[in-house]
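*Asks:* Handing you this structure, nothing more for now.
The values are calculated or read from the model by the stated rules, or taken from the named source; none is laboratory data. Just so you know, these numbers come straight off a predicted model, no measurement behind them. All Cβ positions, glycine included, derive from the backbone under ideal geometry; neighbour counts span all protein chains shown.
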Amino acid sequence: MAAPSFKIVTVEDFHFVHNLMKSKNEKTHFFVWVREKKVNEKIYDRLVIVTKYRLITVSKKQDNLKIDQNIHFFDLKEVASVNPLRVIISTSNSKIDCYTDQADQICEHLLTNYLKVTQGFSERNFIKFLTNPPDRLGPFNYKPKIALGFIQMYKAWCNYYELEPNRNFLKYLTNEIIQNENPENQVNFNLSSFPGFDNLLSNTKELNPIKDTLKYNRYFQTLTITNIGNRDIISPISESISETMNITKLVLTGSTGTGGLDALGKALEKNQKINITYLDVSRNRITASVLKHGFGMGVEKMNSHSLSYLDLHGCDMNPSTMLHFFKHFAKNTDHCIKYLSLSNNQFKKKGSEGFESWIKSLNQNFLQELYLASCSLDFSIVGRAIKESNSLNNLRILDLSNNPMHQGQETALYSFIQNNNSLKELDLTSTNIFPKSAAQLIYEVLVNEHYSGFILRLAKNAFGPKGAEFISETFHSFPKSSSLEELILDDCDFSAEGMNSLFGNSERGIFLNKSLKKLSVSRNIEKNKTKNLQPETLVNLLSNSNLECLRIQGDFKHSLGNKLSQSLDKMKSINLLSLDISENSLGDETLRKFAKILSDPSSKLLSLSFDKNQLSFEALQSFAYVFKTNYVFFDFIWPKFDITKLLSVSSKKEKKKLKQNVKNLKQEITQNCNRNNNKGLDVPKISSDFSQLTSSQSSNLQESTSIESTPIKNRLLRANTEFVSPSPSHDIFHTKRDLSEIIRENSQISETDKTSETEKSSEKEKLTPFKKPIIPSQIPKSTSKEQNLTDQQENQNQPQPQPQNLPQKNKNIQRHITIEKYDSKKDDLKNEKQNTPIKSRPNNPAPKLSGIKPQKPQSKPPPFRKPRNPNQNPNIKQNPNPKQNPNIKQNPKQNPNLKQNSNIKQNSNIKQNPKQNPNLKQNLTKSKTTSDKI
């Protein structure tokens with residue numbers, strides 16, 4: 001017996017689908033009635049709805065529609081179409097076997113929407129698509145859009161977990177990352193910089209869509225989450241790391257708990273296809289159990305990752321834990337590590353022995369930077385390992401600060417410096433090194449002809465006046481050495497006598513070395529013991545023609561006092577490019593003298609910092625003349641502390657006036673600094689000891705030394721505020737420039753600005769836009785009027801610029817589904833020919849959701865009625881003046897000819913009273929009766 005024909009979609013079906021999609025906040029793309037075949041060979045009518053993310057089937061029982069199955073695209077396993085009248089949709093635990101005359105349309109809508117939200121899926125995660133014949137449909141090609149489908153997939157995962165997408169997160173993705181002008185930020189996913197980061201982590205459900213989206217990420221190459229605290233975020237992120245293929249840089253720092261790193265280690269061990277070259281898990285507590293249960297094995301098995309950067313500083317590892325770590329790390333046969341930071345972990349004897357065994361296991365010279373600050377090193381073991389190792393020939397930076405050494409243990413460093421020709425920076429801050437040993441180290445650096453631009457830090461070692469003499473004699477012995485560029489001698493207890501020994505004579509000692517460009521001698525003279533400091537000492541430092549950058553900071557115990565004022569009386573100009581004399585109790589008189597010297601055209605100072613010197617605003621205003629006459633300034637560190645102190649002790653009237661004056665002076669400073677910033681100059685900086693500062697201390701210091709609302713790109717920070725990697729000396733400062741040359745360049749700023757604008761516009765034109773995706777033409781457009789942030793961007797006429805620094809493989813990624821031939825032997829539909837045939841009705845296709853409501857097939861259209869003619873009603877009189885102003889309220893009593901017809905559209909501003917107009921009441925009654933009939 002022939003099966004009944006297919007049902008058509010009625011108005012009731014349309015309203016049901018509309019209300020269902022509205023309740024689920026979905027967008028319908030296609031729906032049609034089909035005949036579904038059950039296991040018991042019975043056939044039932046089902047309404048199949050294809051949405052943006054789901055496939056929904058609805059059954060009708062006793063005139064009530066009920067949802068049978070609600071399948072998300074991510075749960076699909078296979079879509080098979082035996083012929084144009086049959087579709088089989090399979091999941092892991094269910095199957096839909098349906099007959100319809102629109103099987104091809106179902107497949108097209110289903111597969112096209114599936115492609116849009118699964119652009120990051122690998123072949124093993126992708127569904128199977130089988131048709132008979134194979135070329136009946138497709139191939140389906142869809143080129144990715146913004147961020148290679150990252151945002152579309154995030155929305156799909158939100159739908160999977162039945163959550164609303166976080167609008168702030170979408171806005172952050174679109175504005176801060178994808179549309180960022182800096183190409184590096186376009187592939188760096190920093191979740192910590194998201195404004196709602198804390199609120200996002202407080203709700204673990206909100207984190208699930210992000211976690212699963214990152215699993216299939218094919219756009220972002222860097223994942224950064226800092227200051228995690230006590231939140232358990234590393235564990236869920238580790239699930240993403242176990243599946244993702246594109247992440248090369250991973251930063252997970254600042255967790256106060258111990259959970260998560262074991263899961264991360266297991267993820268790294270499992271995912272051998274990922275290539276993480278940069279791993280930073282610093283400031284996470286690592287115990288022996290964490291190493292044993294996953295993290296140690298993950299580090300050991302990262303052979304395929306080509307790990308070159310590993311940061312484990314501040315992980316609170318004890319000596320036993322350090323020993324186990326080095327055992328695991330030594331088994332990593334890749335050994336291409338270039339950067340290793342293990343600072344702020346306890347080595348002692350066990351950890352030092354583990355370090356020695358690891359150094360011996362290295363076969364190649366990859367290691368370039370090694371940081372072992374504050375590790376309680378056993379120098380007898382570590383020094384021997386460094387001295388005898390053959391794998392440290394390319395080492396550029398060695399940080400051994402805050403590790404006390406005993407006398408004689410520094411000899412291993414002498415041998416290392418003699419045999420190593422690539423070292424650029426050595427940090428021995430606070431190592432209790434003896435004065436003669438320090439002078440010997442300087443000697444080894446000066447005589448090494450292979451060194452250039454060397455940075456030597458010897459701060460916080462009690463050298464005393466004798467040490468100053470040793471250092472001065474060492475420099476005097478090698479005046480022509482070109483190795484040392486920067487020397488840090490802060491907090492060395494030189495006293496006034498030691499400073500005189502070092503800098504009292506401009507024709508001997510340290511001043512004969514022309515390669516020394518940066519010098520820091522802060523906090524070496526106590527404030528009550530400056531009597532013996534010779535004025536010539538400071539004059540030589542400030543006017544030396546070789547030095548470019550000088551830092552002489554003080555504190556509550558150490559200061560120069562009025563000694564600088566005496567030295568300024570003997571000076572006419574300053575040859576330095578950068579100067580920091582903050583916190584020295586200089587006073588107003590010293591500052592006025594300083595401003596007078598800077599107003600001289602021969603002064604070359606570009607950067608100045610003098611905060612915390614007990615200054616008045618009148619003295620600070622003396623610099624206003626300098627900024628108007630001398631256009632050399634590039635960077636001016638605003639004296640925030642002194643200004644705040646002045647405001648705190650001023651009256652309300654004085655405070656108001658002072659704030660206005662401060663604002664005016666700030667504007668002059670900003671204009672002066674920006675004028676020189678536009679020239680693209682750079683100021684030499686004294687590199688700071690970053691290992692001794694926490695991130696909070698560093699950020700606080702930076703805030704205290706910056707000028708608010710001043711967009712200066714290269715700010716010279718105060719001591720210990722910014723880590724600067726060793727770099728070749730700036731050539732622009734090797735040849736001193738006259739003031740006239742700089743003033744000449746100021747006149748050309750407008751021309752250079754125009755040139756830069758044209759260059760930027762030309763670069764934008766060179767950006768390669770995304771091509772439009774290839775989508776089957778049968779897909780109707782969505783009728784929803786609500787468009788979210790990303791949908792609006794996708795539908796713009798302007799092509800989206802493609803990130804320039806993506807790998808070549810990501811530029812033309814194209815999702816492609818290969819349609820295979822359907823094999824009936826692999827399915828349980830072997831007896832298809834024996835089933836009852838079903839007739840199709842091609843002449844009555846189901847309507848698509850295009851905004852037109854279908855009519856009932858049996859309903860008749862309402863009879864046509866002509867509109868009522870006012871002339872046929874003698875009771876209605878027309879307004880003789882139809883052009884009368886409608887905003888004027890008119891009273892029928894005053895104008896008897898003014899009687900309105902109820903069928904003509906009334907003006908909302910005219911008040912009509914049926915009691916005053918009996919004809920109006922009659923017309924209203926007739927109109928109501930007519931409308932009831934219609």
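*Asks:* Inspect all residues belonging to region 32-47 and state whether any of them is surrounded by 15 or more Cβ atoms within 10 Å (Cβ to Cβ) and within 40 Å of the chain's Cα centre (by Cα).
*Replies:* Within region 32-47, not a single residue is surrounded by 15 or more Cβ atoms within 10 Å (Cβ to Cβ) and within 40 Å of the chain's Cα centre (by Cα).
*Asks:* Look through 452, 472, 477, 483 and report the one residue that is out of contact with any Ser or Thr (no Cβ under 7 Å at 6 or more places or on another chain) and surrounded by fewer than 23 Cβ atoms within 10 Å (Cβ to Cβ).
*Replies:* None of the others qualify; the one that does is 477.
*Asks:* What number of residues in region 72-129 are under 21 Å from residue 38 (Cα atoms) and hydrophobic (A, V, I, L, M, F, W, C)?
*Replies:* Selection size over region 72-129: 13.
*Asks:* Would you check if residue 345 is surrounded by fewer than 19 Cβ atoms within 10 Å (Cβ to Cβ), without any contact (Cβ under 8 Å) to a residue 60 or more places away in the chain and part of a loop (DSSP other than H, G, I, E, B)?
*Replies:* no
*Asks:* Against the definition (over 47 Å from the mean Cα position of the chain (by Cα), in a loop (DSSP other than H, G, I, E, B) and crowded, with 19+ Cβ neighbours inside 10 Å), how does residue 516 come out, yes or no?
*Replies:* no
*Asks:* Being outside any helix (DSSP H, G or I) and either in contact with a strand residue (DSSP E or B) (Cβ under 8 Å, 6 or more places away or on another chain) or aliphatic (A, V, I, L, M) (or both) is the filter here, so list the residues in region 348-372 that pass it.
*Replies:* 362, 367, 368, 369, 370, 371, 372
*Asks:* Go through (1) more than 44 Å from the chain's Cα centre (by Cα); (2) surrounded by fewer than 20 Cβ atoms within 10 Å (Cβ to Cβ); (3) not β-branched (Val, Ile, Thr) for residue 533 and report which single condition fails.
*Replies:* All conditions pass for residue 533, except number (2).
*Asks:* Quick one: in region 196-222, of everything that is polar (S, T, N, Q) and within 12 Å of residue 247 (Cβ to Cβ), which residue is surrounded by the fewest Cβ atoms within 10 Å (Cβ to Cβ)?
*Replies:* 222
*Asks:* Being at pLDDT below 90 and among the charged types (D, E, K, R) narrows it down to one of 292, 211, so name that one.
*Replies:* Values: 211 fails: at pLDDT below 90.
Being at pLDDT below 90 and among the charged types (D, E, K, R) holds for just one of 292, 211, which is 292.
*Asks:* Could you identify the single residue in 422, 415, 376 that is farther than 23 Å from residue 439 by Cα and either out of contact with any Ser or Thr (no Cβ under 7 Å at 6 or more places or on another chain) or among the polar types (S, T, N, Q) (or both)?
*Replies:* The match here is 376.
*Asks:* Then there's this: Go through region 419-437 and report how many residues are assigned to a helix (DSSP H, G or I) and over 43 Å from the mean Cα position of the chain (by Cα).
*Replies:* 3
*Asks:* Something else about it: Of all residues being of a type in the set (D, E, K, R) and part of a loop (DSSP other than H, G, I, E, B) in region 447-471, which is nearest to residue 509 (Cα to Cα)? Just the residue, please.
*Replies:* Per the stated criteria, the residue is 449.
*Asks:* Across region 235-250, what is the total count of residues that are over 17 Å from the mean Cα position of the chain (by Cα), at pLDDT 90 or above and surrounded by 22 or more Cβ atoms within 10 Å (Cβ to Cβ)?
*Replies:* Qualifying residue count for the region: 2.
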